[in-house]
Structure formats: C-alpha cells, structure tokens
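To keep things clear, I will list the structure first and then write my remarks on it.
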Amino acid sequence: MSVVLSDYLHQQTTTHRLPENLAAVVSAIAEACVHISQQVRLGALNGVLGSAGSGNVQGEEQKKLDVIANRILIDALSQCAAVAGLASEEEDNFVAANQNGAYLVLFDPLDGSSNIDVNISIGTIFSVLAKSEGVLNTADFLQAGSKQVAAGYVLYGPQTLLVLTLNHGIAVFTLNQEGVFVNTQINPAVPPQTREFAINMSNQRHWEAPVQTYIAELLAGKNGVRGKDYNMRWVASMVAEVHRILMRGGVFMYPKDARDPNKPGKLRLMYEANPMSLLIKQAGGLATDAHQNILDIVPQGLHQRVSVILGSAEEVEYVTAKHAAT
Ligand code: P6P
C-alpha cells in the first residue's frame, strides 16, 4: 500500500503530534513544487529557459525559471492561512502573507540556476520556522537553524523527489505520473566515513590554508596521510550534492575564499545551509562553517552567507579540526 505525502503528514499529526497547520504549510510547499516541476520539465517547449534579463539582491543574473519558481511559491504560500510570511533568495525583503499565520517559510526557489539551460539537476530548498507573537518583522526570521520545525528540498532530476524532515527522521517521496508524491524511502543514513568529496577545485588558489592542506591530502590518495584514494564530484547544484551524500555519503564544501574577504562564503545561511544542515543532522551527518555547527549560528540577516562543510561526520570533524589547529 503506497503512502502518499498526505498520508505521511496525517500519520505525523498522530504519532508525533505534528500541528495540523504545519502539515498544511508542508502540503502547500509540495503542491507549489509540483507546479515548478511541470515548468522545469517542459523547458524550451514552454519558453522558460534562458535569462530573465533581471538581477536579484545577491547581484546574480535571474533565469526565467528562477522568477517563475519564485512566483509560484509566493502565490501558493500567500494563500496558505498558516503562513505569516516568507523570505526568498529572489526577494530583497520578506513578504508578509497571513496576519494570523503561525509559520514562516524561507526558500531558494530554484537552486543551481546555472544548470537550468544545460538540463542538469536543480532544486527548491525550503525551511520552516515558527512565528513569534506580534507584528511580523525581519527579526522573526532570524532564528538559528536548530529552531527549524521543518526543512527539505525538491530535486528536479531524473525523478522529481521531495526530501523532508519534521525533526523526526527523513522521508523521501517520488513524484508519480499523476502529480502525487509517493513515499519511497524512510530515514536515509549518511555513513560516518567516505571516499568522495565535492568542492569547486577551480577556486583552489583562493582557499584558506586548512582547506588547501585538507584537499591536498585527499588528492594524495592511498600514498598520503589519509591512506585511501578519494573520488570527486561537483554538480554545481547544492541540492544534487546533498542528495548524493544522503544516499551514499560524502563531504560537500563551499569554504570561505579570498575572492571576496568580506564574504564568509558563497552559500546562504537561512535558505540553503540551514535546511540542508538539518537534513544532514537528521541522517547522522554533520554540518559546520569550519568552526561551529551551522545549526547553532545566530543569523544577522536574511541573505547572510556562510562557509559550508557538510556530510559524513568523521570527514567533517577531520577538516573542521584542521581549522581549529590553525
Ligand atoms: P559555483 C548554485 O548557484 C549554488 O548556490 C549551489 O547550489 C552550488 O553548490 C554552488 O552555488 C555552485 O557554485 O561557484 O561552483 O558555480
């Protein structure tokens, strides 16, 4: 008997006392991502590839699908009574939704945009926080990742997958031909050790010394201090990298580099690093910014950037320890 997302959420309301209105928020996100998947899958047939001719608050060029996915999520979440407000990578400021809503949703509507026009996997990343009493303001969103009440992503790859945590493990759903997410896996576990790393090697000359040393050790393979050969992957879509790590282990790194010393890293804390770090923790892995657990970072801004090292716990501990030693 297939368990679909609505069944799973109902089970969670009984077994883990998941609030009904939080289940409604997750359902709204999932439904929006079904619509995004329909747009992504048609690509050129729908005229949705290429540049939108605009930029976002990050100073990045927006693709047409970035704008479309952003609009689909804003429209869907604004109609969900449980959503008080939302924050998007594509929006300068938060967007107020429903005054009596109990939750805040933060998202990267389409992560990996540079891959859209070359048909490589991309995804939607989302994070859900509880809203405190009072008039909605930016400070309501600035909660540490450990406060997330739900987090996940939808990966638009060979399959469209929803990977969700409600802080009680992880559930993986595959989108069927009727547009319904069907549960296909429960509680993937990240092995503590790995032989696979993901980093953009073209930035090697810009890294800080501990990362330079660490990656050199991996490249030395079995003749080096690590005593084993490593494999490398780099998809340039965080969603694809994290999914691979959830399925078979590995370490993903986007470290601080010297290209912009004022930026602690490229990735965004609130709607990329935090949701992915919660998933990785739920799967027995670890996520740090090279110095502290990402989930412990107290945010200062909606679009704050952070250095990310996440994946197999022993590997993340090893490279994080190298930073502590400097
Ligand atoms: P680079 C995509 O733009 C993203 O935010 C992540 O999904 C991905 O891991 C990273 O940036 C890729 O960055 O510098 O390799 O293009």
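The values are calculated or read from the model by the stated rules, or taken from the named source; none is laboratory data. It should be emphasised that the depicted structure is a prediction, and the values quoted were computed from it without experimental measurement. Cβ sites come from the backbone with ideal geometry, for glycine too, and all protein chains shown count toward neighbours. The protein model used for the area step is the full one, side chains on, heavy atoms only, and it has no ligands, DNA or RNA in it. Shrake-Rupley method; radii C 1.70, N 1.55, O 1.52, S 1.80 Å.
At full extension, Thr174 and Thr13 could sit 55.8 nm farther apart than now, given 0.36 nm per residue minus the alpha carbon distance. Relative to its residue count, the stretch 196-324 spans a Cα convex hull of 101 Å³ per residue. Each principal axis of the Cα cloud of the stretch 34-133 was taken in turn, and the coordinate range along them, longest first, works out to 45, 28, 18 Å.
Farthest towards the positive end of the charge dipole of the chain, among the residues Ala209, Asn115, Ile186, is the Cα of Ala209, using unit charges on the Cβ of Lys, Arg, Asp and Glu. Expressed to the nearest 5 percent, the antiparallel share of DSSP beta bridges inside the stretch 196-324 is 75 percent. Have a look at Gln143, Tyr103, Ala24 and report the one farthest towards the positive end of the charge dipole of the chain, computed about the Cα centre with Cβ charges (Lys/Arg +1, Asp/Glu -1). Towards the positive end, the residue furthest out is Gln143. For Val308, the amide hydrogen comes within under 5 Å of the amide hydrogens of Tyr254, Lys256, counting only partners 5 or more places away or on other chains and with H modelled in the peptide plane.
Rounded to the nearest 20, the Cβ-based charge dipole of the stretch 214-326 about its Cα centre (Lys and Arg +1, Asp and Glu -1) stands at 220 debye. Charged neighbours of Asp108, selected by a Cβ distance under 9 Å, balance to -3 (K, R count +1; D, E count -1). The calculated 222 nm mean residue ellipticity attributable to helices in the chain amounts to -9500 deg cm²/dmol, summing -39500 (n - 2.57) over DSSP H runs of n ≥ 4 and dividing by all residues.
Pair-distance distribution of the stretch 1-71: all C-alpha pairs, bin width 5 Å, starting at 0; shares per bin in whole percent are 3, 15, 18, 14, 13, 12, 10, 10, 5, 1.
The slack in the chain from Asn100 to Asn223, taken as 0.36 nm per residue of separation less the alpha-carbon distance, amounts to 38.2 nm.
With N counted as the residues of the stretch 5-186, its alpha-carbon radius of gyration over 2.2 N^0.38 Å works out to 1.01.
The eigenvalues of the Cα gyration tensor, multiplied by 5 and square-rooted, give the stretch 212-268 an equivalent ellipsoid with semi-axes of 23, 18, 7 Å from largest to smallest.
Mind putting a number on the dipole of the chain about its Cα centre? Charges go on the C-beta only, +1 for Lys and Arg and -1 for Asp and Glu, and I need it in Debye to the nearest 20. Write out the running numbers ahead of the final one.
Values: 23 positive and 30 negative charges, 147 e Å.
For the chain, the charge dipole is close to 700 debye.
Accessible surface computed residue by residue for the chain, with neighbouring protein chains in place and a 1.4 Å probe, gives 42 Å² per residue. Taking label points 7 Å from Cα along the Cα-to-Cβ direction, Arg233 and Leu42 give a separation of 3.1 nm. Couplings for the stretch 197-214, taken from phi via the Karplus curve 6.51 cos²θ - 1.76 cosθ + 1.60 with θ = phi - 60°, read 10, 10, 7, 7, 4, 5, 8, 3, 6, 9, 6, 6, 3, x, 6, 4, 5, 4 Hz in order; Gly and Pro are left as x. Close amide H partners of Gly123, meaning residues 5 or more places away or on another chain with modelled amide H under 5 Å apart, are Asp111, Tyr156.
A simple rule links phi to the HN-Hα coupling: the Karplus curve 6.51 cos²θ - 1.76 cosθ + 1.60 with θ = phi - 60°, which for the stretch 314-323 gives 5, 6, 5, 4, 4, 6, 5, 4, 4, 6 Hz, with x for Gly and Pro. Backbone phi angles across the stretch 4-15, fed through the Karplus curve with coefficients 6.51, -1.76 and 1.60 (θ = phi - 60°), yield HN-Hα couplings of 8, 4, 5, 5, 4, 5, 5, 4, 5, 5, 8, 6 Hz in residue order; Gly and Pro are listed as x. Using a Förster distance of 51 angstrom, determine the FRET efficiency expected from the C-beta separation of Ser2 and Asn137, and round it to 0.05. Computed FRET efficiency for Ser2 and Asn137 comes out at 0.75. Spatially close Lys pairs in the chain, defined by Cα atoms under 28 Å apart and a spacing of eight or more places or different chains, total 25. Counting Lys and Arg as +1 and Asp and Glu as -1 over every other residue whose Cβ lies under 15 Å from the Cβ of Ser78, the net charge comes to -2. Extension gain for the segment Asn93 to Asp260, taken as residue separation times 0.36 nm less the Cα-Cα distance, is 57.8 nm to one decimal. As a size descriptor, the averaged projected area of the C-alpha convex hull of the chain was calculated at 16.6 nm².
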